[in-house]
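We did not get these values from a lab; they are worked out from the coordinates using the rules stated. The structure displayed is predicted, hence computed values, not measured ones. Note: ideal-geometry Cβ built from the backbone for every residue, glycine included; neighbour counts use all protein chains shown.
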Amino acid sequence: MKKLAYILLFTVPLFSIAQKYDPESAKEHFKHNNFSAALTDYIKCIKFEPENPDFHFKAGYCVLHLAVDKKQALPFLEKAVSLPKVDPEALYYMGLAYHINHEFDKAAEFYLKYKALNKGENQKQAERQLMMLENARKLTAAPVDVSFQNLGATINSPFPDYYPYITPNESYIIFTSRRKGKGSKEFDGYYPSDIYESKVTNGEFESAKLLGTINGPFDEQAVGLSFDANTLFLYIDNIEEYGDIFESNKKNNKYSKPLKMGENVNSKDFESSASISAEGNTLFFSSNRKGGQGGKDIWMTRKLPTGEWALPQNLGSNINTEYDEDFPNLFYDGKTLYYSSNGRNSIGGYDLFKSEWDSENNEWSFPENIGYPINTCDDNMVITFTDDQRHAYVSMWREDTQGDLDIYRVTFNELDEKQTIYKSKLINATSKEFIKNAFITVTDNRTMKEVGQYIPNQKNGSFVMILKPGSYQINIDAPGYTTIKKDILIKGKSDFEEMINEDFELTKQ
């Protein structure tokens with residue numbers, strides 16, 4: 001069975017390890033890509049054979065294939081390359097470790113040392129990595145002005161959480177996770193991938209729930225979602241099926257049993273992801289079928305009057321490269337395409353790109369790298385935007401992760417954020433007269449910082465606050481009246497309100 005390539009492993013504590021020396025156990029775990037267990041075993045082996053270069057190399061390799069702080073790979077690989085008879089491939093992975101950790105000069109040094117050997121399975125890739133290094137130098141020097149918000153324990157888990165798809169108004173999210181679900185642990189040490197959903201209530205996501213009608217004991221991954229969330233595209237990997245795209249449609253608020261898409265979408269080759277236009281008549285998908293530019297390409301097909309999909313067309317060399325393109329996501333305007341690629345000017349691994357349809361020239365524009373830090377020197381696969389394009393959802397490892405890959409809400413800070421106009425008046429609870437002599441303060445409940453001070457209008461006792469979505473405490477002090485302290489919620493996402501009218505009644509002391 002063949003799975004979608006991604007880093008899907010969780011953090012392992014590196015230094016709390018019982019004393020046991022078992023190189024064969026390490027080899028067996030490594031063979032099955034169970035890198036967390038292999039790393040634990042190799043660290044034990046290093047304690048008994050500290051000068052064994054293979055143990056250090058394999059430990060560093062494991063870290064690079066885990067969603068952890070990749071700085072932890074450096075001491076293992078630095079020790080490995082300092083020892084005689086080290087596997088030459090360690091030079092390549094030493095370069096990769098420096099690359100991911102933004103030590104670009106050292107990375108170039110080891111990529112070149114590896115290339116000078118003129119042998120090894122990563123010779124062609126080392127040349128590609130040198131090109132990515134130059135891209136990384138340029139793009140990391142000019143970062144995009146964004147901020148990241150971890151979606152927290154209601155969505156994320158200590159296990160890999162990835163491939164997020166959001167509706168335009170942020171009312172609903174669907175994503176994939178390898179937390180404990182319907183299946184037993186696999187050879188790599190983790191649970192099979194399942195699909196989860198969450199809805200927004202009072203401006204926040206509810207606790208994620210397993211899609212019971214979709215998931216089985218094997219691997220299901222969300223690889224596309226229509227703008228209204230009524231059509232879900234899946235990648236299924238089980239005993240009988242892999243390498244094809246499935247479709248599920250929502251009926252009575254539940255997704256139907258997934259059905260494999262037709263032969264004009266699926267082929268004898270490998271198809272991995274899909275995106276459908278808002279009106280439902282155009283489909284973009286990724287495939288490594290013949291007739292492309294090389295590797296996986298983005299293809300497009302249109303719906304026929306019969307309801308079937310027509311023969312697909314390759315999007316051509318403006319979008320596709322000799323490398324891999326994946327996870328197309330057509331924005332709701334029908335002309336902006338987001339996708340991932342490890343070609344073009346990637347800064348390392350897969351990067352996220354943007355291209356727009358040029359109706360005058362009848363072609364897609366040359367893709368634009370979305371930029372650092374949304375793109376990192378590791379793999380970045382999926383991005384989905386809200387309707388105003390101020391926010392997007394991605395999956396990555398960051399220092400505030402719940403333990404592995406987490407889902408983050410990205411804010412593009414150069415765009416104006418939605419704010420609520422909160423109108424209020426102060427009223428005497430008994431006489432219903434306006435109160436004009438008062439002092440109002442508002443504190444952000446998250447940061448505990450004061451965000452505003454207000455006094456009422458001297459004609460009618462009114463005041464106006466402009467607040468971003470969040471939780472606040474309002475404090476109202478008026479001489480001769482009981483102080484009011486009240487929490488107010490400014491809802492975000494699909495529950496956002498442009499204006500709130502709420503008056504406050506104060507009682508005499």
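So here's what we get for this one:
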| item | result |
| --- | --- |
| Mean Kyte hydropathy of -0.5 or more with a Cα span along the axis of at least 24 Å, helices from DSSP in the chain | none |
| Nearby lysines by direct alpha-carbon distance to residue 79 (threshold 19 angstrom, same-chain neighbours under 8 apart not counted) | 44, 47, 58, 70, 71, 106, 113 |
| MRE, 222 nm, helices only [DSSP H, n ≥ 4, -39500 (n - 2.57), over the chain, to nearest 500] | -5500 deg cm²/dmol |
| Cα centroid of the stretch 299-348 to Cα centroid of the stretch 359-420, whole Å | 18 |
| Per DSSP, loop trypsin sites (Lys or Arg not before Pro) in the stretch 148-228 with at most 13 further Cβ within 10 Å | 185 |
| Ranked 68, 146, criterion: other C-beta atoms within 10 Å, fewest first | 146, 68 |
| Only Lys, Arg (+1) and Asp, Glu (-1) charged, at Cβ; the stretch 146-412 dipole about Cα centre in debye | 700 |
| DSSP bridge pairs, the chain: antiparallel proportion in percent, nearest 5 | 95 |
| For the stretch 170-329: relative contact order, % (alpha-carbon pairs under 8 angstrom, 6 or more apart) | 14 |
| Cα shape, the stretch 420-506, gyration tensor, a/c 1.5 rule | prolate |
| Charge dipole of the chain about the Cα centre (unit charges at C-beta), most positive-ward option of 226, 35, 472 | 472 |
| Dipole of the chain [Lys/Arg +1, Asp/Glu -1 at C-beta], most positive-end residue of 314, 245, 116 | 245 |
| Neighbour-limited loop hits for GluC sites (Glu not before Pro), the stretch 53-124 (at most 14 other Cβ within 10 Å; DSSP other than H, G, I, E, B) | 121 |
| Packing-based exposure ordering (other Cβ within 10 Å, fewest first) of 210, 259 | 259, 210 |
| In the stretch 374-476, GluC sites (Glu not before Pro) in a DSSP loop with at most 16 other beta-carbon atoms within 10 Å | 399, 414, 417, 433 |
| Ranked 441, 167, criterion: other C-beta atoms within 10 Å, fewest first | 441, 167 |
| Distance (nanometres) between label positions extended 7 Å along Cα→Cβ at residue 22 and residue 446 | 4.5 |
| Prolate/oblate/rounded label for the stretch 236-337 (Cα gyration tensor, a/c 1.5) | oblate |
| Candidate lysines for bridging to residue 468, where Cα separation is under 24 Å - those fewer than 8 sequence places away on the same chain excluded | 199, 418, 423, 425, 449, 485, 486, 491, 493 |
| Those residues of the stretch 422-453 whose amide nitrogen sits under 15 Å from the label point placed on residue 482, 7 Å along Cα→Cβ | 427-431 |
| Pairwise label distance in nanometres, residue 47 with residue 202, each label 7 Å out on the Cα-Cβ vector | 4.8 |
| Percentage relative contact order, the chain, counting C-alpha pairs under 8 Å, at least six apart | 12 |
| Contact order normalised by residue count of the stretch 146-412, Cα under 8 Å, 6+ apart, percent | 18 |
| Gyration tensor (Cα) of the chain, equivalent ellipsoid semi-axes in angstrom | 46, 30, 23 |
| Assigned charges on the beta-carbon of Lys, Arg, Asp, Glu; the chain dipole about Cα centre (debye) | 920 |
